[in-house]
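A short write-up of the structure that comes next.
The values are calculated or read from the model by the stated rules, or taken from the named source; none is laboratory data. The structure presented is a predicted model; accordingly, all values stated were derived computationally and were not measured. Every residue, glycine as well, gets a Cβ built from its backbone with ideal geometry; the counts of neighbours run over all protein chains shown. To get the accessible areas, we keep the full protein, side chains included, count just its heavy atoms, and leave off ligands, DNA and RNA. Shrake-Rupley method; radii C 1.70, N 1.55, O 1.52, S 1.80 Å.
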Amino acid sequence: MRHLSRRGFTVAAAAALAGLAAGDATAATAGRAPVASDMRGMWLATVANVDWPSKPGLSAARQRTELIAHLDTAVGRHLNAVVFQVRPTADALWPSPYEPWSAVLTGVQGRSPGWDPLGTAVTEAHRRGLELHAWFNPYRVANHTDLSRLVSTHPARLHPDWVVPYGGKLYYNPGLPDVRTFVQDAMLDAVSRYDIDAVHWDDYFYPYPVAGQVFDDDDAYAAYGGNFPDRDAWRRDNTDRLVREMAASVKRIRPRTQFGISPFGVWRNAATDPLGSDTRAGVQTYDDLHADTRKWVRERWIDYICPQVYWNIEFAAADYAKLVPWWSDVARGTGVRLYVGEALYKAGDPAQPAAWQDPAELSRHLTFAESYPQVNGHVFFSATEVGTDRIGAMARVVEDHY
């Protein structure tokens, strides 16, 4: 995702690289979008109102109008899926019995917006032939460290022992079994209520490293880490358990619903592990986020993987043309679909390298990926850029490929 929104707004990862109304409560099954054989998706981010709503506190009617406009933009760009962020910070964009209404809607956490955004999104997406992938963030609680700013009934306030402050944010502690159970229950509530086409997670598991800070899970490690050779192995097992358990629960509740994950694009560098990619990334998901993304594909725990390959062709530290073949090799023979996350938001950004000033860069990505049959599609970050299309990069993709 655009690093403002998805990875603590991904400044940490970017720096590391550089240092190298109301809708129906459920959608009618008859109106369900078909499972796409070739993914053409976009992320619709709600954290910090990145894409939607345009600002908090809009009327229900205005919020609904803006949401529908994004869906119509997807149709106009010949896309077939929208990845809609419905649990940005341990809150909800549906009437959840587990967590409060998100403040991105009304400006006040816990205040009802007077309608059901997720229910509406499912219904209206399916009416347009779009898949609706519900995007959840498992462990992020707040983009600040002040528990008192959360609504009084927030689970993090009721269970402060579940929470770890780190890097200016609050996170649930992945090492606590009660936390893993709770966050799954909170997400599975949406799966049981709505005919969503997929459960989607992004790149946040354990948080991105922050220089000079320690993620304080000492007590949890002392209680639960005794059978592991070190803390890193224990943390990776905690993440593996979350993925494996969630995968089984989604299929039990709604067998047709997919489970997909969109991790940071580098599992490990080859210099760290001969199985890794020919990259020199400053962040490696296996080591830094304690997320063994390669294992999840090889073990077939998930239905699709959508690595965020947010770099241009010939970018020295993480070359798109080296990462796509690497991920294709990982996915080969597994039956796990491979989609590629594309950094549309970089196109035309003057702060980005010269390659991103060329409207044809993204189209070249899709042309390159066509040589790899394991690549089953692409997802673009994010919805606002899909619509505004600063230098015509998305229009070029549509013209050349869609």
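Note down the magnitude of the dipole of segment 57-152 about its Cα centre, charges +1 on Lys and Arg C-beta and -1 on Asp and Glu C-beta and zero elsewhere, to the nearest 20 debye. If you can, show how the numbers build up before the last one.
Working: 9 positive and 8 negative charges, 21 e Å.
For this selection, approximately 100 debye.
Quick check: convex hull over the Cα atoms of the chain, volume per residue in Å³, rounded to an integer?
Hull volume normalised by residue count: 130 Å³.
Quick check for me: using +1 on Lys/Arg Cβ and -1 on Asp/Glu Cβ, what's the dipole size of segment 154-308 about its Cα centre, in debye to the nearest 20?
Dipole about the Cα centre, nearest 20: 500 debye.
If you take all C-alpha pairs in segment 47-140, what percent of them are over 22 Å apart?
Distances greater than 22 Å cover 23 percent of the Cα pairs.
In cubic angstrom, how much convex hull volume per residue do the alpha carbon atoms of segment 230-300 span?
So the per-residue hull volume is 91 Å³.
Magnitude of the Cβ-charge dipole of segment 65-219, K/R +1 and D/E -1, about the Cα centre, nearest 20 debye?
About 440 debye.
In segment 236-329, what trypsin sites (Lys or Arg not before Pro) fall in a loop by DSSP, with at most 14 other Cβ atoms inside 10 Å? Write down the numbers at each step before the final one.
Details: sites: R236, R241, R244, K251, R252, R256, R268, R280, R294, K295, R298, R300, K322; in loops: R256, R268, R280, R300.
Of the trypsin sites (Lys or Arg not before Pro), the ones in loops of segment 236-329 whose Cβ has at most 14 other Cβ atoms within 10 Å are R256, R300.
For segment 236-317, with all protein chains present and a 1.4 Å probe, just round the carbon and sulfur fraction of the accessible area to a whole percent.
43 percent
Mind jotting down a quarter of the surface of the convex hull over the alpha carbons of segment 300-348, in square nanometres, one decimal?
3.7 nm²
In the chain, what percentage of the DSSP-assigned beta bridges are antiparallel, given to the nearest 5? Could the numbers behind the result be given before it?
Numbers: 6 of 41 bridges.
Roughly 15 percent of the beta bridges in the chain run antiparallel, per DSSP.
At 7 Å along Cα-to-Cβ for each site, give me the label-to-label distance between A233 and T181 in nm.
Distance between the two pseudo-spin positions: 2.7 nm.
Name the residue from P56, G335, S148 whose Cα lies farthest towards the positive end of the charge dipole of the chain, charges +1 on Cβ of Lys and Arg and -1 on Cβ of Asp and Glu.
The residue sitting most towards the positive pole is P56.
For K322, list the lysines whose Cα falls under 26 Å from its own Cα; do not include residues on the same chain fewer than 8 positions away.
Here the lysines satisfying the reach criterion relative to K322 are K295, K346.
At q = 0.09, 0.14, 0.18, 0.21 Å⁻¹, work out log10 I(q)/I(0) for segment 274-402 with the Debye formula, treating every Cα as an identical point scatterer and leaving solvent out; two decimals please.
Ignoring solvent entirely, the Cα scatterers give -0.26, -0.63, -1.01, -1.28.
Counting other C-beta atoms within 10 Å, and keeping those with at most 16, which DSSP coil GluC sites (Glu not before Pro) do you find in segment 307-362?
E314
Among V75, A90, S102, which residue has its Cα furthest toward the positive end of the charge dipole of segment 52-105, with +1 on Lys/Arg Cβ and -1 on Asp/Glu Cβ?
Result: V75.
Please express the shape of segment 170-268 as an equivalent ellipsoid: the semi-axes are the square roots of 5 times the eigenvalues of the C-alpha gyration tensor, given largest first in whole angstrom.
After diagonalising the Cα gyration tensor, the semi-axes are 27, 16, 12 Å.
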